[in-house]
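Asker: The structure's right below; bear with me while I get my questions together.
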Protein chains: 4
Amino acid sequence: MNHTGEIRPIRVTIWNEGAHERDQEQVRGIYPDGIHGAIAEAVAGPGVEVRTATFFDPDHGLPDGVLAETDVLFWWGHVLHDQVPDPLVDRIQARVLDGMGLVVLHSGHYSKPFKRLMGTSCTLTWRVHDGGERERIWIVDPAHPIAEDVGEFIDVAQSEMYSEAFDVPPPDHLVFVSWFEGGEVFRSGCCYQRGRGRIFYFSPGHETFPIYNNPQVRRVLANAARWAAPHHDIGSKLANRNRAVPLERIRRS
Amino acid sequence: MNHTGEIRPIRVTIWNEGAHERDQEQVRGIYPDGIHGAIAEAVAGPGVEVRTATFFDPDHGLPDGVLAETDVLFWWGHVLHDQVPDPLVDRIQARVLDGMGLVVLHSGHYSKPFKRLMGTSCTLTWRVHDGGERERIWIVDPAHPIAEDVGEFIDVAQSEMYSEAFDVPPPDHLVFVSWFEGGEVFRSGCCYQRGRGRIFYFSPGHETFPIYNNPQVRRVLANAARWAAPHHDIGSKLANRNRAVPLERIRRS
Amino acid sequence: MNHTGEIRPIRVTIWNEGAHERDQEQVRGIYPDGIHGAIAEAVAGPGVEVRTATFFDPDHGLPDGVLAETDVLFWWGHVLHDQVPDPLVDRIQARVLDGMGLVVLHSGHYSKPFKRLMGTSCTLTWRVHDGGERERIWIVDPAHPIAEDVGEFIDVAQSEMYSEAFDVPPPDHLVFVSWFEGGEVFRSGCCYQRGRGRIFYFSPGHETFPIYNNPQVRRVLANAARWAAPHHDIGSKLANRNRAVPLERIRRS
Amino acid sequence: MNHTGEIRPIRVTIWNEGAHERDQEQVRGIYPDGIHGAIAEAVAGPGVEVRTATFFDPDHGLPDGVLAETDVLFWWGHVLHDQVPDPLVDRIQARVLDGMGLVVLHSGHYSKPFKRLMGTSCTLTWRVHDGGERERIWIVDPAHPIAEDVGEFIDVAQSEMYSEAFDVPPPDHLVFVSWFEGGEVFRSGCCYQRGRGRIFYFSPGHETFPIYNNPQVRRVLANAARWAAPHHDIGSKLANRNRAVPLERIRRS
């Protein structure tokens, strides 16, 4: 339930840069409504309102009004990371610290908002073959809300390989670890809290493979939206504050 | 021991903005050699080489050569946070991710390097009276290397109050929690790893009270220098890397 | 929501040893329905079914049937810790590992179930005066579900002092830190996951002070019941398992 | 360095149940001096004193005097877990809480001392073929002291498969994650602190494969001994303590 109780739904905004869909027929073939469209379809459901946004929309799809009314932001980006304006990154960071959830997908590991919030390089090792390779996403914490009804593992026949060492802070919760056919492993599902907001990084999702059509992956996305939604409203903004009057009397000896 | 074994000492650089010493006779009275001088005296010892740097030195005391040859950087700043140039912050962040230790002191909680590496607002609540108030720094993890020979708590008769909620990521290790006479608590000793580097935030140290002359506080500073020093040299730089050839053959079904 | 969705309520069992109420008129005066009665009143609400149990009930109030039908067990104990039978402790541990939530209160830090699940001594330092002393419970993680609508801190005029160093594993989440009038601090709200179950330790609650009548403390208890409830049903029991047939073919070189 | 400074070496005791060496010629062939002998050879070095002990020695090789003079205990057990007497487990737990390091290897995941200190079932999924299968142990935290000079991964041609979900508490630090040829992953190097002692679980080491002869694995064992050694002596024993006299005056309103 979100912080206003039973009535107001979780408001999810799916952001996708949208460049691959524009430039590669292969990607349009897999995701005719865009990667954002596939994610939106996965996340939509009772109690969840979904809208989408792309880099090519006015204000990159994320004017103040949209961010202010977003409970959970999904982020898929790849080739346009550097073109995302810093003031937008500032606003996203501020919203997360103030309670907005953020779900970062796949090559979003190297996006400005994720690097800003992690404070590390977020680098990793990768490999992609034309036909991809098998990734098996193991659930290491079956009781975690993001793992609900996902099963013991998710088998993805064609994937891009991401491997360790992954330069992120130690996750608060590690939910998934991936096995790759070529011999590598990766912490593929990592939870963080930053400020009052929850962040989930989930690595599967290369644009040339239909990974976001996988029912178990879609369940992870839907679970992540619910997990990352702000639990309740804190009210006060984050700020340095002077409490000039102590709660207790101060004795001078 | 540092990564070159017994022979090479830990090279510590103490950075202090130095503005209070320049502008306030009271501060010069407490710290005639500057806050950096007092910290340097605390940290110096067998196997540790210490130099100091201030905001007013050429290149703010931290040209590339100095940072490259620093194993652990101490940071004390307050009124000049905004004037620390972003390219210097970039270089400090890069060095930490590559293994340099960073010890952030007192009002350094709001410095650019610390906020950059934490990814959060790093805000807190504070209060300072003319005579200060009592702070009692409790050791919550007596086995931690930074707590060695510090005892059960440190009593500081005159301190500035810092209190929760402190907007930092959950620390990897919480070593100290402070009690304040006026009724507040604060997580005053927090350990983090970011990239390959270790970060320690330690809150005591207001400029108008002689806190860095306290023998137990000095022991904490000396312990922190040893704890934060890089344990060994990883060699390779952090970067996204393409491992085009898999370690295992990839079978296509 | 619990794992069966909207329909089935969270089933909470409040266990209290009940010795103080039997032996001390003062305690009966504060808690005419027993400490368990006060906690039950705090936790009861829409979507939550509460029952109580005490040491003096048949099977100490926790026969197999009751434990099997408990989603969250609250535990208040003090002078009868040693008399709680080991087989009951075994069953409680097994239920927690299988998903049951456990909320351990006050002197329950030294109970058999808590020590069993923590693996540490769970020792601390304490002090109790006739009139008690002020405890101020600070919220260090305002976004945590257990802190919902609790405010910035909870002021308890009369409390027993518990202080660091508290010998528990580093908590997965630290929600509360307490300040005591006599000069000490304590990690008073600690979250853990063990197996598939969630554990919350909350230290306030001495029997001779009316702490469980404090509206903010009651809100914490109610929040804790919801937080600790199993999120979803994993199904399979925890066991070493032989997966004789590998998921991938194994090549011999 | 251990807590007495440069002079006293780290005193390591390698405990191995020794049943496989007694009963299986294949194991004697691989480890002519026993599994304990191979581990001892790996761990021995400047500043480290090693002795060995087995289940079949008087007092199972661990009388009070030996445990009291052990800084780090290594534990390899498999078929005799149930025969290890509970009072010995009590003494091991007490020593760890008091600062002794504990390195638990392979099937020791299901030993009484490890389960006692973790508080969980410590169950996992396993598979062993006659010829074994490839395990590749990835370093996920290259800056960790236990990973010093180990490289990017360790390739073990013949291993027993251990896979997730592994029912242990979330590790304080995750150092290694293993890839298995048959398609599974495992958190194979996990660090914990319990009381004042450090615990490292390292999963490779099936008795019918010469894994402890692998130079990188041996380096891990040697690193682990140094990492787990007590950093300094706390002095006081863990106990509930009454601090009857407060540090501050208590005011009654």
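Taken together, the values in this text are just the output of simple stated rules run on the coordinates, not laboratory data. Quick caveat: nothing in here was measured; it's all calculated off a predicted structure. Backbone-built Cβ (ideal geometry, glycine too); neighbour counts: all protein chains shown.
Asker: Can you list the HN-Hα couplings for segment D:174-190, worked out from phi with the Karplus curve (6.51, -1.76, 1.60; θ = phi - 60°), rounded to whole Hz and with x for Gly and Pro?
Answerer: So the Karplus estimates, Gly and Pro as x, are 9, 9, 10, 10, 9, 9, 10, 3, x, x, 10, 10, 7, 6, 8, x, 10 Hz.
Asker: If you stretched the chain out fully between D:Glu25 and D:Glu41, how much longer would it get, using 0.36 nm times the residue separation minus the C-alpha to C-alpha distance?
Answerer: Working: separation 16, 0.36 × 16 = 5.76 nm, distance 2.09 nm.
Stretched fully, the D:Glu25-D:Glu41 segment lengthens by 3.7 nm.
Asker: Another question about this same structure. Within 10 Å of each Cβ in B:164-177, how many Cβ atoms from other chains are there, averaged over the peptide? Before the final figure, lay out the partial values.
Answerer: Details: counts 10, 14, 1, 8, 2, 10, 13, 2, 5, 4, 6, 0, 2, 10.
For peptide B:164-177, the averaged partner shielding equals 6.
Asker: Using only helices, what value at 222 nm comes out for the protein assembly as shown when you add -39,500 (n - 2.57) per DSSP H run of length 4 or more and divide by the total residues, to the nearest 500 deg cm²/dmol?
Answerer: Numbers: 28 runs with 236 residues, N = 1012.
Here the helix-only value at 222 nm equals -6500 deg cm²/dmol.
Asker: Please label the shape of segment C:71-150 as rounded, prolate or oblate, based on the square roots a ≥ b ≥ c of the eigenvalues of the alpha-carbon gyration tensor (a/c under 1.5 means rounded; beyond that, a/b larger than b/c means prolate, else oblate). Write out the running numbers ahead of the final one.
Answerer: Values: a/c = 2.36, a/b = 1.23, b/c = 1.92.
Cα axes put segment C:71-150 in the oblate bin.
Asker: My understanding is that a pair violates if its Cα-Cα distance is over 30 Å; which of A:Lys115/D:Lys115; B:Lys115/D:Lys115; A:Lys237/C:Lys115; A:Lys112/A:Lys237; B:Lys112/B:Lys237 do that in this structure? Kindly include the intermediate steps, with their values, before the conclusion.
Answerer: On the way: A:Lys115/D:Lys115 38 Å; B:Lys115/D:Lys115 40 Å; A:Lys237/C:Lys115 39 Å; A:Lys112/A:Lys237 23 Å; B:Lys112/B:Lys237 23 Å.
Check vs 30 Å cut-off fails for A:Lys115/D:Lys115; B:Lys115/D:Lys115; A:Lys237/C:Lys115.
Asker: Turning to a different aspect of this structure: Which peptide among A:62-71, C:130-139 comes first, and what is the full order, when sorted by highest mean count of other Cβ atoms within 10 Å?
Answerer: Ranked by mean Cβ neighbours within 10 Å, highest first: C:130-139, A:62-71.
Asker: In nm, one decimal, shortest first: how far is the label point of C:Glu152 (7 Å from Cα along Cα to beta carbon) from the matching points in the other copies?
Answerer: Sorted ascending, the copy-to-copy spacings read 3.1, 5.2, 5.2 nm.
Asker: Moving on. Counting each pair of different Cα atoms once, what's the Kirkwood radius of segment A:115-178 in Å, rounded to one decimal? Mind showing how you got there, number by number?
Answerer: Numbers: mean 1/r = 0.0747 Å⁻¹.
About 13.4 Å, per the Kirkwood formula over Cα pairs.
Asker: Provide the FRET efficiency to the nearest 0.05 for the A:Asp59-C:Gln216 pair, computing r from the beta carbons and using R0 = 45 Å. Walk me through the numbers before you get to the answer.
Answerer: Details: r = 42 Å, r/R0 = 0.94.
Computed FRET efficiency for A:Asp59 and C:Gln216: 0.60.
Asker: Could you pull out which residues in segment D:153-182 have an amide N less than 20 Å from a spot 7 Å beyond the Cα of C:Ile250, following the Cα-Cβ vector?
Answerer: D:154-166, D:177-182
Asker: Would you work out if segment D:156-227 is rounded, prolate or oblate? Take a ≥ b ≥ c from the square roots of the eigenvalues of the alpha-carbon gyration tensor; rounded if a/c is under 1.5, else prolate when a/b is larger than b/c, oblate otherwise. Could you put the intermediate results ahead of the total?
Answerer: Values: a/c = 2.43, a/b = 1.26, b/c = 1.93.
It comes out oblate by the Cα gyration axes.
Asker: State, to one decimal in nm and shortest first, how far the label point of A:Ala94 sits from each corresponding label point in the other identical copies (label point: 7 angstrom along Cα-to-Cβ).
Answerer: Going from nearest to farthest copy, the values are 2.9, 5.6, 5.9 nm.
Asker: What's the average, rounded to a whole number, of partner chain beta-carbon atoms within 10 Å of each residue's beta-carbon in D:183-190?
Answerer: On the way: counts 13, 9, 14, 5, 5, 1, 0, 0.
Taking all residues of D:183-190 together, the mean is 6.
Asker: What average number of partner chain Cβ atoms lie no more than 10 Å from the Cβ of the residues making up C:128-141?
Answerer: Details: counts 2, 4, 1, 3, 2, 5, 7, 0, 5, 1, 7, 3, 10, 5.
Average neighbour count from other chains, rounded to a whole number: 4.
Asker: Here is a further query. Using only the alpha-carbon atoms of chain C, report the extent along each of the three principal axes, biggest first, to the nearest angstrom.
Answerer: 75, 40, 37
Asker: Okay, moving on. I want the antiparallel fraction of DSSP beta bridges within segment B:7-107, as a percent rounded to 5. It would help to have the intermediate numbers written out before the result.
Answerer: Details: 1 of 18 bridges.
Of the beta bridges lying entirely in segment B:7-107, close to 5 percent run antiparallel.
Asker: I've got another one for you. In nm, give the distance between the simple-model label positions of C:Arg243 and D:Asp149, each being 7 Å from the Cα along the Cα-to-Cβ direction.
Answerer: 3.5 nm
Asker: I would also like to ask the following. Would you please classify the overall shape of the protein assembly as shown from the alpha carbon gyration tensor, given that a ≥ b ≥ c denote the square roots of the eigenvalues, rounded means a/c under 1.5, and beyond that prolate means a/b larger than b/c while oblate covers the rest? Intermediate results must be reported in sequence, preceding the final value.
Answerer: Working: a/c = 1.13, a/b = 1.07, b/c = 1.06.
Here the protein assembly as shown falls in the rounded category.
Asker: Relative to the first principal axis of the alpha-carbon coordinates of chain D, what is the inclination of helix D:215-228, with its axis defined by its Cα atoms, in degrees from 0 to 90 and to the nearest 10?
Answerer: Approximately 10 degrees, to the nearest ten.
Asker: Note down the Stokes-Einstein diffusion coefficient of segment C:84-214 in µm²/s, whole number, using a Kirkwood radius over alpha carbon pairs, 37 °C, and 0.692 mPa s.
Answerer: Answer, rounded: 215 µm²/s.
Asker: Okay, next question. Return the Rg/Rh ratio of segment C:17-128 with Cα-based radii and a Kirkwood Rh. Present the calculation step by step, with values, prior to reporting the outcome.
Answerer: Details: Rg = 14.1 Å, Rh = 14.9 Å.
Ratio of gyration radius to Kirkwood radius: 0.95.
Asker: Tell me the angle of helix A:34-43 to the major Cα principal axis of chain A, expressed in degrees between 0 and 90 and rounded to the nearest ten.
Answerer: Once rounded, one gets 60 degrees.
Asker: Amide H to amide H, which residues 5 or more places from C:Arg198 or on other chains are under 5 Å from it, using H placed in the peptide plane?
Answerer: Those qualifying (amide H under 5 Å, at least 5 residues apart or on another chain) are C:Gly101, C:Leu102.
Asker: In terms of modelled amide H atoms, which long-range or inter-chain residues lie less than 5 Å from the amide H of D:Arg11?
Answerer: HN-HN under 5 Å from D:Arg11: D:Glu49, D:Asp71, D:Val72.
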